[in-house]
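The values are calculated or read from the model by the stated rules, or taken from the named source; none is laboratory data. Predicted model, so just to flag it, every value in this text is computed and none were measured. Here the Cβ positions follow ideal geometry from the backbone for every residue, glycine too, while neighbour counts run over all protein chains shown. Ligands, DNA and RNA are excluded from the accessible area calculation, which covers all protein heavy atoms including side chains. Shrake-Rupley method; radii C 1.70, N 1.55, O 1.52, S 1.80 Å.
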Amino acid sequence: MTPEAVTAIGKRAEAMLDALALISADPGRLTRLYLTEEHRRAARLVAEWMRSAGLKVRMDAAGTVHGLLPAAGDGPLAGKRLLVGSHIDTVVDAGRYDGTFGVVAGILAVEELRRRSVALPFGLEVLAFGDEEGVRFPKTLIGSSVVAGALRDPMLDLTDAEGVTIRAALAAFGGDPDALDAEAYRPEDTLGYVEAHIEQGPVLERLGLPLGVVTSIAGQARFRIIVKGEAGHAGTVPMAIRRDALTAAAEMILAIEAIGMIFDIGHAGEEVARTAIVATVGEVKVLPGAGNVIPGEVRFSLDLRAAEDAVRVGAEAEIRQRIGEIAARRNVDAVVETVHEKPVATCAPAMVGRIGTAIGRVTGGEAHRMMSGAGHDGQAMCHLGPIGMIFVRCRGGISHNPAEYASPEDMGLAVVALVETIIATSG
Ligand code: HGY
Ligand code: MN
Ligand code: MN
């Protein structure tokens, strides 16, 4: 393929992503959460693109859009499927490439396969998951967990900020909370899952490479920490006898940062080193939340990740201990609840090899092997079969931010590498 033809595919991707980016709950910024009207509109648009690419389209009970290219012929692989795709939900004030590029890349890969008249001996299915980020509900990877048969029923009672359960939201959306188990695919019917995704980090840009191949996805755990002190009058309670939940939480958050720094000693400049952890407090809720009231309660989130599960578990123990010490000294109560935990997901060596070869062929250069600090649907899909990921360079490594950007040239290369990976699967 000529570089112009490759870039033309990337420009198609860019136009599709621009169209999806217009579907947002917030004027002037991109926010698209699971089981909302925006999810429905984006799913409809993706379904339209899938149908135009000649795919058989359906939405499953969890709100995931499936687009199937049936196998050609009835050979031994005809009853199996290779799955490609990603998620169409976003964080708040998001970039337009995270997740959506993997869905668009899957659709464009199908179009390219048809243009080349490639007859795949297995089914190829593009998946557009409605929830990967876990922003609306305290559970991530809901769509892919359903396809992988990894969603447990009690999770459906988790609620969003308005107290709506996943179960109720699914029913209101037109999904079916009682039909999720039936949506699970069987490992024996699956050849694996391949996702193209922006890197969301600075490594490929610093190495001057357009694409990379992922070797593993960092393990992660999410916690909710609830600190309870005593609300009081800002003007009458002496400082020394306060049980201020916010100053206690602030000290805990700084202690978490300090622990993260200690574990980060292996930081190798560009990449988060294998011995490092990353710890992030992204949400803090102060109650009752009035300027002249000493905060009686604070709830804050903690997102903890590492390339090695043992390192993450060790850091968690340290953090729990420090929180307990601070709470005791400040005479407040602190509870640390684990709301989500996913171990390291390792990409299948055969898939890593196929993707690496495809990248080498498409770019004529090195296929840099790298760990993903960001979470992805592959962490659920690995329960179903071998997973692989193609990373695309993104400007400044910026993501979860409207400044997120990947060039049409690089996106075109990723789509062609995905095509080559799909073709190589039949080998
Ligand atoms: O949080 C993550 O790593 C992903 O973007 N959901
Ligand atoms: Mn993502
Ligand atoms: Mn994300």
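Here is how the numbers come out for the structure above:
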item	result
Backbone N under 13 Å from the Arg44 label point (7 Å along Cα→Cβ), restricted to segment 113-151	none
Rounded FRET efficiency, nearest 0.05, which uses the C-beta distance separating Val164 from Ala258 and R0 of 41 Å	0.65
For peptides 369-381, 181-193, sequence by mean Cβ density within 10 Å, most packed first	369-381, 181-193
Candidates Leu158, Leu108, Leu124: whichever shows maximal mean-square fluctuation once the chain is modelled as a Gaussian network with Cα springs under 10 Å	Leu158
Accessible carbon and sulfur surface of segment 219-342 relative to its total accessible area, %, 1.4 Å	56
Choice from Asp131, Asp176, Asp410 showing the highest fluctuation, given a GNM over the chain with Cα pairs closer than 10 Å	Asp176
Cα shape, the chain, gyration tensor, a/c 1.5 rule	prolate
Alpha-carbon centroid distance for the pair segment 102-160 / segment 330-346, whole angstrom	27
Cα gyration tensor shape for segment 1-107, rounded if a/c is under 1.5, else prolate or oblate	oblate
Within the chain, helix-based [θ] at 222 nm, where runs of 4 or more DSSP H residues each add -39,500 (n - 2.57), nearest 500	-11000 deg cm²/dmol
Packing-based order for 278-288, 27-37, using average beta carbon neighbours within 10 Å, highest first	27-37, 278-288
Size of electric dipole in the chain: Cβ of Lys, Arg +1 and of Asp, Glu -1, about Cα centre, debye, nearest 20	240
Segment 148-229 shape via C-alpha gyration tensor axes, a/c threshold 1.5	oblate
Rounded to whole Å, sorted largest first: equivalent-ellipsoid semi-axes of segment 219-342, Cα gyration tensor	31, 13, 12
Lysine pair number, Cα distance threshold 26 Å (strictly under), the chain, separation 8 or more or different chains	7
Relative contact order of segment 219-342, defined on C-alpha pairs under 8 angstrom at six or more residues apart (%)	43
Order by protection proxy (mean Cβ within 10 Å, highest first), peptides 165-171, 353-359	353-359, 165-171
The chain, relative contact order [Cα under 8 Å, separation at least 6], %	23
Rounded to 5, percent antiparallel among DSSP beta bridges of the chain	65
Rounded accessible area per residue of the chain, 1.4 Å, Å²	41
